[in-house]
Structures are given as structure tokens and as C-alpha cells.
Amino acid sequence: QVQLVESGGGLVQPGGSLRLSCAASGTIFSIDAMGWYRQAPGEQRELVAAITTGGASTYADSVKGRYTISRDYAKNTVYLQMNSLKPEDTAVYYCNLQARPSWASRSYDYWGPGTQVTVSL
């Protein structure tokens with residue numbers, strides 16, 4: 001079993017910062033990438049940022065320059081530093097893991113339960 005545990009969401013005022021964390025555990029043979037998606041009410045889930053094991057990162061245009069994704073390879077943990085938050089950043093943020101479990105010959109997508117981020121006065 002592969003599990004993802006997220007933390008760091010909450011309520012913050014516009015212009016503030018939050019840091020999300022997601023730790024992966026279980027019988028993981030290798031990790032291809034880790035990242036964050038978000039889903040606002042009535043909207044589709046969208047990619048926010050992702051980082052490959054090789055260190056390549058990608059960001060949604062809406063968060064470039066404000067968000068930074070990073071990884072702790074030893075801890076199988078991914079972080080999302082969110083600065084200059086805006087009300088439109090309000091959403092449930094989901095951790096995503098693309099990894100090959102030890103029992104499998106290919107990689108799978110795994111999702112965390114989600115953490116609420118609310119940006120409001």
C-alpha cells in the first residue's frame with residue numbers, strides 16, 4: 001500500500017503565505033514525480049506544480065513567481081511554498097504521486113485526501 005499524508009492547509013489573508021507538505025509512505029520501488037493539484041468549487045481539478053525525480057519542475061501560469069515546489073528525496077516528501085496568496089487560490093489542494101510500487105512493473109497515480117486552503121480577509 002502507498003499512502004500520502006498532507007498537512008499545512010488553512011485560512012490566510014490575501015498576501016499571506018502557507019506551506020503545504022505531503023509525505024509518501026509504503027512499498028514504493030521508485031518515484032517518477034510528485035506534485036500538487038487543486039480544485040475550487042464548481043471547477044475541474046488542475047495542476048498547480050509538479051517536480052520529477054530528476055529535479056525538473058513545472059507550474060501553472062497562475063502561480064508562477066508565487067509558488068515554489070521542492071522535494072526531500074530521503075523523506076519522500078514534497079513541499080509547496082505558497083506566497084502572495086490571492087482569494088482565487090482558494091481550493092482544496094491534492095498531493096499527487098506518480099510511483100512504481102514494489103509489487104508492480106509500472107507506475108501508478110496516487111492521491112492524497114486533500115487539504116483546504118482558504119484565502120480571505
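The values are calculated or read from the model by the stated rules, or taken from the named source; none is laboratory data. Remember, it's a predicted structure, so these values are computed and weren't measured experimentally. Note that each Cβ is placed from the backbone with ideal geometry, even for glycine, and that neighbours are counted across all protein chains shown. In case anyone asks, the SASA skips ligands and DNA or RNA and just uses the protein heavy atoms, side chains included. Shrake-Rupley method; radii C 1.70, N 1.55, O 1.52, S 1.80 Å.
Some notes on this structure:
- Calculated FRET value between residue 53 and residue 121, using beta carbons and R₀ = 35 Å, to 0.05: 0.30
- Accessible surface of the chain, 1.4 Å probe, proportion on carbon and sulfur as whole %: 49
- Residue 46 - accessible surface, heavy atoms, 1.4 Å probe, Å² rounded to 10: 80
- Distance between the modelled labels on residue 29 and residue 44, one decimal in nanometres: 3.2 nm (7 Å Cα→Cβ projection).
- Relative contact order for the chain, counting Cα pairs under 8 Å that sit 6 or more residues apart, in percent: 36
- Once all protein chains are placed together, residue 30 keeps about 40 Å² accessible to a 1.4 angstrom probe.
- For the chain, accessible area per residue (1.4 Å probe, heavy atoms of protein chains only), Å²: 53
- Whether the range 1-63 is rounded, prolate or oblate, judged on the alpha carbon gyration tensor where a/c under 1.5 counts as rounded: prolate
- Computed with a 1.4 Å probe over protein heavy atoms only, the accessible area of residue 94 comes to about 40 Å².
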